[in-house]
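What follows is a single structure, written as structure tokens, with notes after it.
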Amino acid sequence: MFQLSFIGSVLFRGLLLLLLLQISCITRGESPLSAKRSPEIPPTVTQGKVFLAGHTGEHSKDTEEILKLVQRLVSGTIARDLNFLPELVSKKDGIYVDIKGNWTREQLIQELSSADNYFRIYFFDRELLEKQKNSKEVRTVRDLLLSSGSIEVDFYYESKSACELKLKFKENQKLERELINPYFIKQDGKWYLFRLF
């Protein structure tokens with residue numbers, strides 16, 4: 001009799017402990033099996049092929065410079081912070097933004113300072129994008145980059161001062177088509193972003 005009540009008591013305590021663990025995980029918004037989630041790490045961005053259109057020349061330093069800019073843009077998008085974007089944009093030519101057209105550097109700075117700006121809606125915040133598009137079937141640029149697994153960048157140099165990029169996803173290749181090809185221009189020996197993905 002004592003043995004049965006002891007076993008029952010141990011089972012009761014075990015069940016109680018399991019129940020408390022479940023409740024603790026639910027109140028923190030986690031499932032017991034995934035109590036520790038890994039952080040959202042930016043995908044690796046590596047150099048792919050380099051193509052030269054109608055000219056020759058050494059582009060290894062240019063490619064390295066542009067690749068570093070792309071890595072910074074991807075990391076900033078994952079971190080939901082593109083406040084550094086104006087420093088990558090030419091004062092002379094500005095930046096081309098998909099549905100907004102061409103913006104000057106000053107217009108870009110002004111846009112970034114507003115609460116529900118273009119980048120927050122289309123790059124970071126899926127809920128705002130769902131409202132904007134009136135659809136649940138949307139993906140932010142951040143969602144697309146996170147789904148890539150890793151990114152390989154092909155470089156298409158149209159001239160010594162103009163380069164279009166093609167981002168290739170290791171995983172979910174169909175989704176890479178939802179991005180625009182970034183475009184960079186070189187002025188006074190420095191590469192600037194002209195069109196963002």
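Once neighbouring chains are kept in place and the probe is 1.4 Å, which whole percent of the accessible area of the range 69-177 is contributed by carbon and sulfur?
Solvent-exposed carbon and sulfur of the range 69-177 make up 42 percent of the total.
Per-residue HN-Hα couplings for the range 82-97, Karplus 6.51 cos²θ - 1.76 cosθ + 1.60 at θ = phi - 60°, whole Hz, x for Gly and Pro?
The phi angles translate into 10, 5, 7, 3, x, 6, 8, 10, 5, 5, 6, 9, x, 9, 9, 10 Hz.
Please enumerate, by chain and number, the aspartates and glutamates with C-alpha under 18 Å from the C-alpha of LYS49, excluding those fewer than 8 residues away in the same chain.
Within the straight-line cut-off, LYS49 pairs with GLU58, ASP62, GLU64, GLU65, GLU152, ASP154, GLU158, GLU164, GLU176.
Measuring from label point to label point, each 7 Å out along Cα→Cβ, what is the ASP188 to VAL50 span in nm?
Label at ASP188, label at VAL50, 2.5 nm between them.
For the range 182-197 and the range 57-122, what is the separation of their C-alpha centers, rounded to whole Å?
Their Cα centres are 9 Å away from one another.
Can you compute the FRET efficiency between GLU64 and LYS91 using 1/(1 + (r/R0)^6), with r the Cβ-Cβ distance and R0 = 22 Å? Round to the nearest 0.05.
0.40
Any chance you could look up the accessible area of SER113 with a 1.4 Å probe, heavy atoms only, rounded to 10 Å²?
90
Under the rule of at least 5 residues apart or a separate chain, name every residue whose amide H is placed under 5 Å from the amide H of PHE51.
PHE155, TYR156, TYR157
When the Kirkwood radius is taken over all Cα pairs of the range 134-197, what Stokes-Einstein diffusion coefficient follows at 37 °C and 0.692 mPa s, in µm²/s?
Estimated diffusion coefficient is 254 µm²/s.
Report, by chain and number, residues whose modeled amide H sits under 5 Å from the one on SER148, excluding near sequence neighbours (fewer than 5 apart, same chain).
Amide H to amide H, under 5 Å and 5 or more residues apart or across chains, SER148 pairs with nothing.
Let me know the shape class of the range 78-197, please: from the alpha-carbon gyration tensor, a ≥ b ≥ c as square roots of the eigenvalues, rounded when a/c is under 1.5, otherwise prolate if a/b is greater than b/c, or oblate.
oblate
If you wrap the range 64-103's Cα atoms in a convex hull and average its projection over all directions, what's the area in nm²?
The directionally averaged projection comes out at 3.3 nm².
Find the lysine pairs in the range 114-190 meeting two conditions, Cα atoms under 29 Å apart and a separation of 8 or more places or different chains, and report how many there are.
Counting lysine pairs in the range 114-190 gives 20.
The values are calculated or read from the model by the stated rules, or taken from the named source; none is laboratory data. Bear in mind that the values here come from a model prediction, so they are computed numbers and not experimental data. Please note: Cβ atoms are built from the backbone with ideal geometry, for glycine as well, and neighbour counts cover all protein chains shown. Heavy atoms of the whole protein, side chains included, go into the accessibility calculation; ligands, DNA and RNA do not. Shrake-Rupley method; radii C 1.70, N 1.55, O 1.52, S 1.80 Å.
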